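These notes are about the structure you will find just below.
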There are 2 protein chains.
Amino acid sequence: MKGKATSFDIAHYAGVSQSTVSRALRNSPLVNEETRRRVYEVAKQLNYKVDKNASNLRAQQSSTLALLLFEDPTADESQINPFFLAMLGSITRACASEGYDLLISFQSTSADWQADYEDSHRADGIILLGYGDYVDYQAKFRSLLEQNTKFVCWGASVDNRPDLTVSCDNYGGGKLAADHLLKVNRKDCAFIGDASEHSPEFFARYQGFKDEFTRHGVTLSERKMANAISTEESGYHATRSLIANNIVFNSLFAASDLIAIGAIRALKEAGIKVPEDVHVVGFDNIAVASFTNPPLTTVQQDTTLAGQMLVFNLLKLIRGEKVENTLLPPKLIVRGSSI
Amino acid sequence: MKGKATSFDIAHYAGVSQSTVSRALRNSPLVNEETRRRVYEVAKQLNYKVDKNASNLRAQQSSTLALLLFEDPTADESQINPFFLAMLGSITRACASEGYDLLISFQSTSADWQADYEDSHRADGIILLGYGDYVDYQAKFRSLLEQNTKFVCWGASVDNRPDLTVSCDNYGGGKLAADHLLKVNRKDCAFIGDASEHSPEFFARYQGFKDEFTRHGVTLSERKMANAISTEESGYHATRSLIANNIVFNSLFAASDLIAIGAIRALKEAGIKVPEDVHVVGFDNIAVASFTNPPLTTVQQDTTLAGQMLVFNLLKLIRGEKVENTLLPPKLIVRGSSI
DNA sequence: TTGAGCAGTTAAAACGTTTTGACAACAAAA
DNA sequence: TTTTGTTGTCAAAACGTTTTAACTGCTCAA
């Protein structure tokens, strides 16, 4: 055999027509069982594999999904938020189990990301992942919708959000964290994160946290908040600035684990003991969280389920079925940083 | 416009033939500058994107690489070795900068992994990544070579290895670790990892480590070795068994950071202090390493460079150019676990 | 005996590119 | 004037599938 075997070769050796080969291999009911057997036989012998390009071209689909991962601008270029890496794993698995390939791409700048995977028929749909500036993204979302691109976002389900989302119940997660700190009687709490419309997820976490405190008659002080994006560095600096301003607190809620880890570093450096002087609670339950010193109390997001829902919902969307936004339940993981 | 624009539509509006459109967009020198400008103009207006399937089918290539990631069998299914996740990041970036897409796939079982990405024209070449049982893989490698599949492996460059590899200088890394422990005068050292032909990388690390000790007149005791695969769990149990057998040592070299982290947990549990009683050195420098308590001294592998070399070498192979196995220099990172 | 219905198969028409070979139009050389 | 190139452009032939529409032989009912 010269090059790679084609369906015509199989047809020749099996003594049938090429169209029958195509049908046989795709288990069409139109073909006789005996014929199918023969075709399979020959195909195996010649190590024949259907050419995906030809098949996709003709069928006008790609059986591939694309994953766009937005990175926080961080000092070390090659470090990606471990939470999203965990999601990546489950998304890959979900794709595989549905017979789809997964194309991945990291997008660094928030301004002009490429989402032409569907236009160019490289993917049937797109999954968007990452903590980015939500306000920046909105315009892009709309243009994707206009072009009728099929996509799903991981992130907060803000009211009137135009796109389809799967997200953790960030508000509920914030409540869980508050509940815990109230129970251990650490009511003088600081918050590190971005509680603006730019990061709706962090905002929702804060909102749930605050509301739960309020419900218990405790008001959080605005002064004990500091802005941070989801990096260790940012959490470190935000916490340092609180300390530098002589803000006093006996507990701290960080909008993400990375921030929490940075906060712990800052606290320690300032001679403040965790958990004795300050209890710390994070969000995400990334792998590192159990290795920090002390191990980090945090709100877990179910990444496995999240990945599956992203894929399932996107596939539904592609098939034209009705899909709803999905909210996933969070879970509190208590560790040494808050007992 | 009804469906998606094709090159014929562009041709129509630009007043040229379809073949000219194709050439213009691919910047062929055969087309007049003025014509090209007009074609680009129209293409942009109609939001035209070249159909990858058609293009790939015709050109008989896919401008896509596939990444096969082998997972260690670990307790938590969805946890992937963070070292490989770091590599994933740099591989993705390298692919993107070369204009290639990256298809990723996790392979769980060592026995029967799929590598038909090339046969089915979904990818032009394959990158294999993961600590797996090398002996198991050999047969598979040979069959891939027979089918003339283009692939590169990350891993040890064993003598006579049939496939193309990119790897860290594991032997040299082992020497770096030894050197450090000798310098701080911790000569009574234990080793946790698998020093057999099944994991050539771990073996090379151990070999370099041992040779350096020998060169300084110190012989490592066979009794102070324990087998482990690259997980925290495995490192924990291996170390526990050493302790249970009353093996005494004042330093410990782990074949990977995950193992080292497990080892530290076991030591602490047994009331053995790190670094006071036992100095610990790991390998990989995963992100977690700087957050452990104490922070972990380790041998760093340059994942950015590694990812680039994997991609570059694979592309060379695909283009039919001559390629050599590549060895990357390791670097010692000294942290609290060994001072 | 004819006609309809069914099961299995086939030839041929897409799918949207890239690329080969041919052909204009025009300028420069003979 | 004819020849020889050069520069753009084009029509048509791949690439390897999936799928439509048509066509065999059949069997069964009228």
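The values are calculated or read from the model by the stated rules, or taken from the named source; none is laboratory data. The model shown is predicted, which means the values in this text are computed figures rather than measured ones. Every residue, glycine among them, receives a Cβ derived from its backbone with ideal geometry; neighbour counts consider all protein chains shown. For the accessible areas, the whole protein counts, side chains as well, though only heavy atoms, and no ligand, DNA or RNA atoms are used. Shrake-Rupley method; radii C 1.70, N 1.55, O 1.52, S 1.80 Å.
Here segment A:139-273 has 47 percent of its accessible surface on carbon and sulfur atoms, given a 1.4 Å probe and all protein chains in place. With the whole protein complex present, A:Asp101 retains an accessible surface near 20 Å², based on a 1.4 Å probe.
By accessible area, using a 1.4 Å probe on protein heavy atoms only, segment A:7-50 has 49% of its surface on carbon and sulfur.
Our helix-only sum for the protein assembly as shown, with -39,500 (n - 2.57) per DSSP H run of n ≥ 4 divided by its residues, gives a mean residue ellipticity at 222 nm of -13000 deg cm²/dmol. Using a 1.4 Å probe over protein heavy atoms, the accessible area lost on pairing B with A, summed over both chains, comes to approximately 3900 Å².
Comparing B:Thr219, B:Ser290, B:Leu242 along the charge dipole axis of segment B:196-320, the residue lying farthest to the positive side is B:Thr219, per the Cβ-charge model. Dividing the mean sequence gap of close Cα pairs (under 8 Å, 6+ apart) by how many residues segment A:132-191 holds gives a relative contact order of 21 percent. Legend: residue pairs A:Lys175/A:Lys322; A:Lys175/B:Lys268; A:Lys316/B:Lys44; A:Lys210/A:Lys331, Cα-Cα distance threshold 28 Å; pairs beyond threshold, A:Lys175/A:Lys322; A:Lys175/B:Lys268; A:Lys316/B:Lys44. Distance from the C-alpha centroid of segment B:182-214 to that of segment A:22-43: 56 Å, rounded to the whole angstrom.
Decide, for segment A:224-337, between rounded, prolate and oblate: order the square roots of the alpha carbon gyration tensor eigenvalues as a ≥ b ≥ c, take rounded if a/c falls under 1.5, and otherwise choose prolate if a/b is larger than b/c, else oblate.
Note, shape of segment A:224-337 comes out prolate.
With R₀ set to 25 Å, the beta-carbon distance separating A:Arg319 from A:Ser19 gives a calculated FRET efficiency near 0.45. Given a 1.4 Å probe and the protein chains as shown, B:Arg93 ends up with an accessible area of around 60 Å². The GNM of chain A, with springs linking C-alpha atoms under 10 angstrom apart, assigns the highest mean-square fluctuation among A:Ile243, A:Ile261, A:Ile229 to A:Ile243. Among A:Leu85, A:Leu57, A:Leu310, the largest mean-square fluctuation in a Gaussian network model of chain A (Cα springs under 10 Å) belongs to A:Leu57.
Classification of the protein assembly as shown by its C-alpha gyration tensor yields an oblate form. The axis ratio a/c (a ≥ b ≥ c) is 1.5 or more, and b/c is at least a/b. GNM remark for chain B: springs join alpha carbons under 10 Å apart, and the peak mean-square fluctuation among B:Leu296, B:Leu128, B:Leu258 falls on B:Leu128.
Does a label point 7 Å from the Cα of B:Val248, set along Cα-to-beta-carbon, have any residues of segment B:194-226 with amide nitrogen under 20 Å, and which are they? The answer is B:218-226, whose backbone nitrogens lie closer than 20 Å to the label point. When A:His216, B:His198, B:His279 are compared by accessible area of protein heavy atoms, the largest-first order is A:His216, B:His198, B:His279, using a 1.4 Å probe. Taking every Cα-Cα distance in chain A and sorting them into 20 Å bins starting at zero, the pair-distance distribution P(r) comes out as 28, 44, 20, 8, 0 percent. Bridging of A:Lys140 to aspartates and glutamates at a Cα separation below 19 Å is possible for A:Glu71, A:Asp72, A:Asp112, A:Asp116, A:Glu118, A:Asp119, A:Asp124, A:Asp159, A:Asp163, A:Glu197, A:Glu201, once same-chain residues fewer than 8 apart are set aside. Of the trypsin sites (Lys or Arg not before Pro) in segment B:255-323, the ones in a loop by DSSP (not H, G, I, E or B) with at most 12 other beta carbons within 10 Å are B:Lys273, B:Arg319, B:Lys322. Length gained on full extension, A:Asn32 to A:Gln138: 32.8 nm, using 0.36 nm per residue less the C-alpha separation.
Kindly state, to the nearest 0.05, the FRET efficiency for B:Ile339 paired with A:Ile339, given R0 = 22 Å and r defined as their beta-carbon distance. According to the calculation, E is roughly 0.15.
With the gyration tensor restricted to C-alpha atoms of segment B:7-50, the semi-axes of the equivalent ellipsoid amount to 14, 10, 10 Å, longest first.
Ligands, DNA and RNA aside, A:Tyr100 has an accessible area near 50 Å² when probed at 1.4 Å. Between B:Asn293 and A:Glu146, the FRET efficiency from the beta-carbon distance, with R0 = 51 Å, is close to 0.50.
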